[in-house]
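**Q** I'd like to ask some things about the structure below.
Taken together, the values in this text are just the output of simple stated rules run on the coordinates, not laboratory data. Just so you know, these numbers come straight off a predicted model, no measurement behind them. Cβ atoms come from the backbone with ideal geometry, glycine included; neighbour counts cover every protein chain shown.
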Amino acid sequence: MSFVLNLKCMNKFITAFFILLLQQMCTAQAISTQVTSTKTSISLQWNNYSTSFNQQPGDSTPFIVTATPYNGKYAVADENAPLDVSFKGSEYRYQSMLQYNYHSISTYDSSDVFFFVPYIRQSNAALYEYRVLQNGDKVLKPWSSIDSFTSDTFQLYVFKKVFAQLGGYRTTWDKYLTVELRRKGADTLIAAAAVYWKQVKPSLLNIYTSNELNDFLLRMKESYTRQLTDREIKKWQQLYKPDELDTLTHLPKKLSLASNDNNIIFYLKGNIYKKEALEYQLVHDDKVMTDWKPNDFDNNIIWLNNLPPGNFILRMRFSGQRHNVTDYQFEIKPAWHQTTLFKVTAGGLIAAFFGFIIVLFRLNSQKRKTAEEQSKKHKLHLELKAIHSQLNPHFVFNALTSIQGLVNNNNIAGANRYLSKFASLMRDSLTGGDKDFISLEKEIVTLETYLSLEQLRFGFTYTIDLDKTINASETDIPALLLQPLVENAVKHGAALLEEKGIVKISFKREDNNLIIVISDNGKGYAPAENSNGYGLRLTKERISLLNEILPEQPVSLNIEGAVSGTTVHLQFKNWWL
């Protein structure tokens, strides 16, 4: 934290110091002057203009002064480069004659350039004329008289006040204007000035990190120097291979920095004193991180702080030439904990850990659910056995009642036959009493034994039909589930009609469903009278418990009563899955 605070304080100091140097370098007079004429009035902020001229010392011959705009920058990358145009116009023909009264400069701003002529005043203006050419051959303003002059309050250097002003002119990029001055009717020029509207891009001089503040301060002390020192060039040569360095700038073609070198100072050639003159955009990993904006400092440095790892493109332009952009690529390598491999590995370990926790949680949850299901099933089985144990006494009670009736009617032979079959029925019941399910074959045998016993007592007839598609020995059904229903068909139906009574039992297969139908021709089923019957209530409770144990193979019971009898439908769904 202390380093960051010191860095901010240092930056403020450097910025203030640099601006002070630039103000001292300014060659224009920092005054606001009103330029007037008989026709026009031009208001210029002279601290935004640079004046240039070429005159022989002590010579009072009129000459041309150019005023080109700074607009926030005193100099750019190629300020001292030669004028790269080919002069084809009249100023080339007269150049040898002009000697000291001819000059050519470049402007890097799209604004007007203004032209003034000392030593021409209202008293002698009628002797002179001027014209303006584009690219030396196109006449923009033909030879014209001079009729505009500066005010008597304006002082340019040591020249006498109130002199000629020729106005402001501009052209497009890569073209130049020439202003020529002569005596009226003369064949030779006495002065000329050429201004070239030159395109230029920002150019880097050097790059510094937060670990190189001493080097940066040394560079600030030599701000007028626009070339790298031998020491600075050697530094880059030690860090990068020859093919990785730009042969003109001696800087890396692509700067590569460690993760902790994420505070970078880009030092540009030229002198900039208004941050609005320089704009930049920062692209991070092909996405715009900072959109175009004026520079943060009123000087020729772009300072980027706390950059994340990744690939960057710093895009720079002058606000006066937004179409000319300089791109510089650099990268900040990730720390070991910021690498893709580490993130993937760490992410995998974290995912595996949470996955293990989730699996463990689910296993425990499943184990708990399994234990609960097993406990529930065990409880249901106990309840089924309890109901099963209640059905047997119920059946025994009814059978003994039937035997008692035979004895009371002195039907000893019938009672003996009944006791014999009853003993057989009890033996079957006892051997299968510990089972929840028995084969359909054994269930049919048990039903036949029971019906034959009741037939001895009441004399009714019965039939049992088995679908040929059903293998009775391999098909299981709940033990003694049908007994109470058949018993009701006998007791409340066929027994009342004695020899005319009929009980029918059928077993059918429909797809994978087992359908059992028990019917009698008695007086019919009355729900209000029979809903509380002990055997029927136990049967319904067994079906409800069975459906909880086997939810995918539900058993349904439906009883239909009519004047001519009662029909019971039992459906065992998906019984052969």
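**Q** For Ile464, what charge total do you get from the other residues with a beta carbon under 12 Å from its beta carbon, if Lys and Arg give +1 and Asp and Glu give -1?
**A** That sum, taken over residues with Cβ under 12 Å, equals -4.
**Q** Of the listed peptides 482-492, 563-573, what is their order by residue-averaged count of other C-beta atoms within 10 Å, with the highest listed first?
**A** Per-residue Cβ counts within 10 Å, averaged per peptide and sorted highest first, yield 482-492, 563-573.
**Q** Apply the Karplus curve 6.51 cos²θ - 1.76 cosθ + 1.60, θ = phi - 60°, to the phi angles in region 407-423 and return the couplings in whole Hz, x for Gly and Pro.
**A** Each residue of region 407-423 in turn: 5, 5, 8, 6, 9, 5, 4, x, 5, 5, 4, 5, 5, 5, 5, 5, 4 Hz.
**Q** Within a 10 angstrom radius of the beta carbon, how do Val65, Val76, Val325 rank from fewest other beta carbons to most?
**A** Least to most surrounded, the residues fall as Val325, Val65, Val76.
**Q** Order these peptides, 461-472, 181-192, by their mean beta-carbon neighbour count within 10 angstrom, highest first.
**A** The most tightly packed comes first, giving 181-192, 461-472.
**Q** Another question, if that's okay. Stretch Asn408-Asp174 to full length: gain in nm at 0.36 nm per residue minus the Cα-Cα span?
**A** 70.5 nm
**Q** Something else about it: Given R₀ = 56 Å, FRET efficiency for Asp152-Leu239 by Cβ-Cβ distance, to 0.05?
**A** According to the calculation, E is roughly 0.35.
**Q** Near Lys367, which lysines are there with a Cα under 16 Å away, not counting those fewer than 8 places off in the same chain?
**A** Cα-Cα hits under 16 Å: Lys376, Lys377.
**Q** Can you order the peptides 136-149, 119-132 by their average number of other Cβ atoms within 10 Å per residue, highest first?
**A** So the peptides 136-149, 119-132, ranked by packing, come out 119-132, 136-149.
**Q** Cut-off under 27 Å on the C-alpha distance; same-chain residues fewer than 8 positions from Lys253 excluded. Which lysines are left, in chain and number order?
**A** The qualifying lysines are Lys73, Lys198, Lys201, Lys221, Lys234, Lys235, Lys241, Lys269, Lys275, Lys287, Lys293, Lys333.
**Q** Give the lysines whose C-alpha is closer than 29 Å to that of Lys421, dropping any in the same chain fewer than 8 places away, or say none.
**A** Lys385, Lys435, Lys442, Lys468, Lys491, Lys500, Lys504, Lys508, Lys523, Lys540
**Q** I've got another one for you. Which net charge results when you count Lys and Arg as +1 and Asp and Glu as -1 among the other residues whose beta-carbon is under 12 Å from that of Glu129?
**A** In short, +3.
**Q** Still on this structure: Going by C-beta contacts inside 10 Å, put Glu443, Glu222, Glu212 in order with the fewest on the left.
**A** Glu222, Glu212, Glu443
**Q** Next question, about the same structure. May I ask for the net charge around Lys160, where only other residues with Cβ less than 13 Å from the Cβ of Lys160 are counted and Lys, Arg are +1 while Asp, Glu are -1?
**A** +1
**Q** For Ser319, which sequence-distant residues (separation of 5 or more, or a different chain) have an amide H within less than 5 Å of its own amide H, given hydrogens modelled in the peptide plane?
**A** Counting only residues 5 or more places away or on other chains, the set is Leu278, Glu279.
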